[in-house]
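Remarks on the structure that follows.
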There are 2 protein chains.
Amino acid sequence: MTQPPSTSAPATAQDGPLPRQRRTYSIGELAKMFEVTTRTIRFYEQEGLLAPERRGQTRIYDEKDRVRLKLTLRGKRLGFSLAEIREVVMMYDAMPDGNRRQLRRLIEILTDKRRNLERQLEDIRLMQLELDDVERRARDVLASLGDSD
Amino acid sequence: MTQPPSTSAPATAQDGPLPRQRRTYSIGELAKMFEVTTRTIRFYEQEGLLAPERRGQTRIYDEKDRVRLKLTLRGKRLGFSLAEIREVVMMYDAMPDGNRRQLRRLIEILTDKRRNLERQLEDIRLMQLELDDVERRARDVLASLGDSD
DNA sequence: CAAGACCTTTACGTTAACGTAAACCTCGGC
DNA sequence: GCCGAGGTTTACGTTAACGTAAAGGTCTTG
């Protein structure tokens with residue numbers, strides 16, 4: 001790295017409503033932090049999951065962006081598509097001035113996701129049992145191999 | 001369906017080692033059973049995850065095949081690739097006459113998968129908290145909307 | 001024997017989620 | 001002044017996991 005990890009300019013006295021820790025990040029920093037490529041991060045922006053500020057051409061990410069990315073990647077690990085993730089994220093953002101219909105729709109989606117997670121929990125439980133079984137057998141065979149081969 | 005659900009011919013007296021329930025399935029039956037297309041099932045075979053017998057041209061699936069398919073689909077729901085699933089499945093099959101190196105490798109893979117599952121468990125827990133939070137906020141906003149709108 | 005219902009193979013099409021390459025800008029340090 | 005480490009856009013390539021015809025075989029039921 002050529003520059004020290006980017007921090008914003010020290011807050012002056014008359015700054016806004018106490019921006020407690022106004023740390024910012026470059027795209028490269030985030031990439032290393034989450035072990036993804038910069039391409040991935042730019043792609044997520046293109047897909048409407050991130051919207052960093054710009055200093056000239058350069059993207060500047062703040063805390064909110066970092067959290068977004070974290071949640072996005074977590075969703076991915078759970079097998080959600082970017083479209084699904086965006087659906088929730090965008091509705092969350094639009095929530096304050098959402099109308100009844102939108103809010104009910106959001107709650108509906110959330111319920112659905114939750115059902116999904118419950119099923120995954122069960123799947124994991126079953127899968128763990130399977131793995132236990134396979135490993136036990138493998139160890140048995142290994143032991144029975146004794147000192148031959 | 002034109003034919004009744006396929007069952008094998010009634011076992012004759014001198015049959016093998018007591019095939020307790022020798023039920024068989026057509027590709028269409030399995031497809032309905034698991035809510036996938038026949039294309040998917042044929043694709044899994046092509047990828048080396050299934051190997052049904054043939055009666056002429058037609059595929060005949062037995063209990064073992066059905067379980068395989070079930071496990072495969074469960075793996076998919078957990079975000080495993082077909083390649084990963086095949087890796088475990090094939091090693092499992094090759095286990096009895098596997099050498100030490102293969103067995104150790106299998107156990108290694110299993111440990112890795114298990115780590116994966118643990119992480120998913122944590123991800124799910126966190127994701128559930130997020131969803132709870134979002135839903136709570138949504139309900140708050142909805143309530144605050146009172147009778148307006 | 002014709003119509004369905006089911007099966008088969010072959011093969012090209014599609015989508016999501018990036019990878020990869022080219023060509024360029026820009027800043028700080030030697 | 002230029003070099004290297006970062007950043008940028010544009011655009012074509014790739015992979016997994018199927019979807020979607022098209023063209024044909026087999027059986028049974030009216």
(message) Please pick out the residue among B:Leu73, B:Leu110, B:Leu78 that is modelled with pLDDT of 90 or more, within 16 Å of DNA strand C (Cβ to nearest atom) and within 17 Å of the chain's Cα centre (by Cα).
(response) B:Leu78
(request) Quick one: count up the residues across the range A:87-118 that are exposed (fewer than 15 other Cβ atoms within 10 Å of the Cβ), charged (D, E, K, R) and more than 7 Å from chain B (Cβ to nearest Cβ). (result) 8
(message) Go through the range B:54-75 and report how many residues are over 20 Å from B:Ile107 (Cα atoms) and either among the β-branched types (Val, Ile, Thr) or in the same structural domain as B:Lys113 (by TED's automatic domain parsing) (or both).
(response) 3
(request) Kindly check whether there is at least one residue in the range A:64-75 that is within 23 Å of B:Asp132 (Cα to Cα), open to solvent by 60 Å² or more (accessible area, probe 1.4 Å) and among the acidic types (Asp, Glu). (result) no
(message) Can you tell me which of (1) farther than 21 Å from A:Arg114 by Cα; (2) exposed (fewer than 12 other Cβ atoms within 10 Å of the Cβ); (3) of a type in the set (Ser, Thr, Tyr) is the one A:Thr38 doesn't meet?
(response) (2)
(request) Please name all residue pairs, on different chains or six or more residues apart, with Cβ atoms under 6 Å, provided the first residue is in the range B:61-84 and is facing chain A (nearest Cβ under 9 Å) and the second residue is within 14 Å of DNA strand D (Cβ to nearest atom). (result) B:Gly75/B:Ile85; B:Gly79/A:Gly79
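The values are calculated or read from the model by the stated rules, or taken from the named source; none is laboratory data. Remember, it's a predicted structure, so these values are computed and weren't measured experimentally. Because the Cβ atoms are built from the backbone with ideal geometry, glycine has one as well, and the counts that use them run over all protein chains shown. Ligands, DNA and RNA are excluded from the accessible area calculation, which covers all protein heavy atoms including side chains. Shrake-Rupley method; radii C 1.70, N 1.55, O 1.52, S 1.80 Å.
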